[in-house]
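Structure first, commentary second.
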């Protein structure tokens, strides 16, 4: 394809169709056809960012692969017309889309993932696409209308940064979009643009599934020291201020660079430490959002679960003086860690006892293990309650000094179940299983 030519031309990209009267079908007809085409897709999720260079495409690719590895049928649509990254991230730089019966066939990756990008329609990967808004709108409409996705559980849409033509077009063309995942980095310069992105979603009535903070701290592989190169916690704080869900943080991890350059995202390498574990935890949050949405519940990702009345002889939110609580649960592999100091991440929930709401979780990678560090670190994240399987007496004293209540002796379970039990007043604790 030559620079500036559209996918709707005759020849290699000639997938656009005309009506029986020889005129191009109207936009209304196209929208109706898009609705019919997308009716075979269970959930449509946009991945947005207010600023470039935050790792949005990396998040989209890893999320799509992880969802596919869970047995879901997933489509990944790259609508970054000027700088498509998905072909490189998935090792598909030499792949080309084919046509069949006036439809575009997406490129398959394994059994569960189908991918479409403008990169699959270019003669060379370094070809510049020099298009104005109407041409970009046309090709995005064609990707939604004419790509033969088939039956999918998820369609993940990777958008270019900002709030311009591409994200606006796709948000308006997909009439029943489930919501948007918004990617940021911790520094204020990025957060300013992300706030605009959230405002964009509000104006278009696109729900915000959650915010992800990428490049959130670096842990030295040699000495274990954590360095917050771009600061840390800005995404979580902003999410609280704007009252939108926070899905978690992804650390700076050299493995991301190696895997991306090799066209093998971390999600395809199995779960491991660092960024791989963070991607997996975020994807589980998206799966939880789907389950809650399908069940007709308020929406776990930032929802507002109803709190039931307190049960006697149980531990609950109403046992504390403050109405607003931040509850941290140490987790390993998505479940409660037997000892808080050995966890990979912390799932942090907000409990509003007065308004009977639960928000979260914010999933934050644990800092490098250092005696006495965690109480102060959790206090900086505004935590005032911690639920743990076990904790040493010295650590408990340090938490007391930070005015953080500690609940120990809790049986291993998923964080969601624990926080619901705590909020409802039915969380029971037993013997401290790790007192050293």
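If residue 14 satisfies every condition in (1) assigned to a loop (DSSP other than H, G, I, E, B); (2) modelled with pLDDT of 90 or more but one, which is the exception?
Only one criterion in (1) assigned to a loop (DSSP other than H, G, I, E, B); (2) modelled with pLDDT of 90 or more is unmet by residue 14, namely (2).
Does at least one position in the stretch 217-230 carry a residue that is under 16 Å from residue 183 (Cα atoms) and either assigned to a strand (DSSP E or B) or without any contact (Cβ under 8 Å) to a residue 12 or more places away in the chain (or both)?
No.
Please work out which residue is surrounded by the fewest Cβ atoms within 10 Å (Cβ to Cβ), limiting yourself to the stretch 127-143 and to residues that are in a loop (DSSP other than H, G, I, E, B) and over 29 Å from the mean Cα position of the chain (by Cα).
Looking at residues that are in a loop (DSSP other than H, G, I, E, B) and over 29 Å from the mean Cα position of the chain (by Cα), I get 132.
With the structure loaded, tell me whether residue 327 is crowded, with 16+ Cβ neighbours inside 10 Å, modelled with pLDDT of 85 or more and in a loop (DSSP other than H, G, I, E, B) or whether it fails that test. Show your work before the answer.
On the way: crowded, with 16+ Cβ neighbours inside 10 Å: yes; modelled with pLDDT of 85 or more: yes; in a loop (DSSP other than H, G, I, E, B): no.
It is false that residue 327 is crowded, with 16+ Cβ neighbours inside 10 Å, modelled with pLDDT of 85 or more and in a loop (DSSP other than H, G, I, E, B).
How about the stretch 148-180: which of its residues are crowded, with 20+ Cβ neighbours inside 10 Å and over 20 Å from the mean Cα position of the chain (by Cα)?
149, 169, 173
Looking at 194, 183, which one is assigned to a helix (DSSP H, G or I) and under 21 Å from the mean Cα position of the chain (by Cα)?
194
So, in the stretch 91-111, of the ones that are touching a helix residue (DSSP H, G or I) at 6+ places or on another chain (Cβ under 7 Å) and surrounded by 19 or more Cβ atoms within 10 Å (Cβ to Cβ), which residue ends up modelled with the lowest pLDDT?
Per the stated criteria, the residue is 97.
Which condition breaks for residue 62 when tested against (1) modelled with pLDDT of 95 or more; (2) closer than 20 Å to residue 179 by Cβ; (3) surrounded by 23 or more Cβ atoms within 10 Å (Cβ to Cβ)?
Unmet condition: (1).
Take the residues in the stretch 372-391 that are part of a loop (DSSP other than H, G, I, E, B) and crowded, with 16+ Cβ neighbours inside 10 Å; name whichever of them is modelled with the highest pLDDT.
Selected residue: 383.
Would you please name the residue that is nearest to residue 161 (Cα to Cα), looking only at residues in the stretch 79-101 that are in a loop (DSSP other than H, G, I, E, B) and without any contact (Cβ under 8 Å) to a residue 12 or more places away in the chain?
In this case the residue turns out to be 94.
Among 53, 19, which is the only one that is out of contact with any strand residue (DSSP E or B) (no Cβ under 7 Å at 6 or more places or on another chain) and at pLDDT below 70?
None of the others qualify; the one that does is 19.
One residue is enough: does the stretch 356-371 have a residue meeting the conditions part of a strand (DSSP E or B), more than 17 Å from the chain's Cα centre (by Cα), modelled with pLDDT of 85 or more and surrounded by fewer than 23 Cβ atoms within 10 Å (Cβ to Cβ)?
Within the stretch 356-371, none of the residues are part of a strand (DSSP E or B), more than 17 Å from the chain's Cα centre (by Cα), modelled with pLDDT of 85 or more and surrounded by fewer than 23 Cβ atoms within 10 Å (Cβ to Cβ).
Just a yes or no: is a residue in the stretch 37-45 outside any loop (DSSP other than H, G, I, E, B), farther than 23 Å from residue 183 by Cβ and modelled with pLDDT of 70 or more?
Yes, the stretch 37-45 contains at least one residue that is outside any loop (DSSP other than H, G, I, E, B), farther than 23 Å from residue 183 by Cβ and modelled with pLDDT of 70 or more.
Need the failing condition index for residue 351 against (1) in contact with a strand residue (DSSP E or B) (Cβ under 9 Å, 6 or more places away or on another chain); (2) at pLDDT 75 or above; (3) closer than 23 Å to residue 183 by Cβ, just the number.
(3)
Looking at (1) at pLDDT below 75; (2) more than 19 Å from residue 248 (Cβ to Cβ); (3) out of contact with any helix residue (DSSP H, G or I) (no Cβ under 6 Å at 6 or more places or on another chain); (4) surrounded by 16 or more Cβ atoms within 10 Å (Cβ to Cβ), can you tell me which one residue 317 breaks?
Against the list (1) at pLDDT below 75; (2) more than 19 Å from residue 248 (Cβ to Cβ); (3) out of contact with any helix residue (DSSP H, G or I) (no Cβ under 6 Å at 6 or more places or on another chain); (4) surrounded by 16 or more Cβ atoms within 10 Å (Cβ to Cβ), residue 317 comes up short only on (3).
The values are calculated or read from the model by the stated rules, or taken from the named source; none is laboratory data. Please read all numbers here as calculations on a predicted model, not as lab measurements. Every residue, glycine among them, receives a Cβ derived from its backbone with ideal geometry; neighbour counts consider all protein chains shown.
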